[in-house]
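Below: the structure, in structure tokens.
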Amino acid sequence: MFQPIDLQPLISEWDTNKGNSESYNAGYDALLAFGSEVYEKNGMLVLAHAVYGWMPTILKSYELDGLAVEDVRAGFLPAEPVLNNSWVGTSKMFHFLAPEVWPIWDSRVALHFGLPRSDQHNRRDVYRDYADFLRAEAVSCKNPTSYSNLRFLELCLFSARPAKNEKLTRSSVRLSSA
């Protein structure tokens with residue numbers, strides 16, 4: 001189950017010089033620009049392949065029938081993930097279609113919420129709760145980047161991930177009092 005955390009320590013630790021590499025930022029910007037020009041299923045399929053080219057896995061399966069770009073941009077979340085049976089991949093495609101609506105969900109980000117296993121974080125309810133939480137936090141966050149507040153918060157979470165050999169447990173996560 002998703003539990004909100006206090007994002008302030010992660011935001012305070014943000015270092016614009018520590019951010020992503022120039023090539024990472026250029027790739028993100030290109031995907032964002034392409035996603036803004038997608039209006040139909042064929043465009044979503046091309047974007048899905050591009051997003052999976054940005055990930056350490058390949059796109060093996062997708063179910064885009066019945067999914068409309070305008071619904072994604074309006075905040076519709078289908079009952080099942082549409083790419084590789086993965087909310088991580090689906091979140092990335094949705095983010096590039098609607099960056100102000102859908103944050104990127106990643107197994108590294110999930111660690112901050114005490115969700116290290118796929119069966120814990122590859123769930124619709126968990127992704128929905130994470131998206132709702134980040135959207136609420138984005139309303140008032142101080143953002144030193146050119147990216148949206150939603151993207152900035154997700155980058156803070158992604159960049160502050162624990163070291164590879166360190167496991168983040170729920171007890172080490174500061175829960176917000178909200």
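The values are calculated or read from the model by the stated rules, or taken from the named source; none is laboratory data. Since we're looking at a predicted model, the values are computed, not measured. Positions of Cβ are generated from backbone atoms using ideal geometry, with glycine treated the same way; all protein chains shown enter the neighbour counts. The area values use the complete protein model at the heavy-atom level, side chains included, leaving out ligands, DNA and RNA. Shrake-Rupley method; radii C 1.70, N 1.55, O 1.52, S 1.80 Å.
Accessible area per residue for the chain, computed on protein heavy atoms with a 1.4 Å probe, is 52 Å². Within the full protein context, the accessible area of Ser23 is estimated at about 90 Å² for a probe radius of 1.4 Å.
Axis of helix 41-53 versus longest Cα principal axis of the chain: the two differ by about 40°, to the nearest ten degrees.
Taking the Cα centre of region 48-164 as origin and assigning +1 to Lys and Arg Cβ atoms and -1 to Asp and Glu Cβ atoms, the resulting dipole is close to 520 debye. Surface composition of the chain: carbon plus sulfur atoms hold 51% of the accessible area, using a 1.4 angstrom probe and ignoring ligands, DNA and RNA.
Estimated at the nearest 10 Å², the accessible area of Asp15 is 60 Å² with a 1.4 Å probe. Taking each DSSP H run with n ≥ 4 as -39500 (n - 2.57) and averaging over every residue of the chain yields -13500 deg cm²/dmol at 222 nm.
Comparing Leu64, Leu97, Leu155 in a Gaussian network model of the chain, where Cα atoms under 10 Å apart are tied by springs, the biggest mean-square fluctuation is seen for Leu64. Note on the chain: Cα convex hull, mean projected area over all directions, 10.1 nm². 3J(HN,Hα) along region 94-103, derived from phi through the Karplus expression 6.51 cos²θ - 1.76 cosθ + 1.60 where θ = phi - 60°, amounts to 4, 4, 6, 7, 8, x, 8, 9, 10, x Hz, with x in place of Gly and Pro. Springs between Cα atoms under 10 Å define the GNM used for the chain, and in it the highest mean-square fluctuation of Pro99, Pro56, Pro116 occurs at Pro56.
In this structure the amide hydrogen of Ile5, modeled in the peptide plane, comes within under 5 Å of the amide hydrogens of Ser176, none closer than 5 places in sequence on its chain. Taking Cα atoms only, the orientation of helix 149-159 departs from the longest principal axis of the chain by about 60 degrees. Summarising the amide proton neighbourhood of Tyr62: residues at separation of 5 or more, or on other chains, whose placed amide H is nearer than 5 Å comprise Asn84. Please report how far the C-alpha centroid of region 101-163 lies from that of region 43-97, rounded to the nearest whole angstrom. Value for the Cα centre distance between the two parts: 17 Å.
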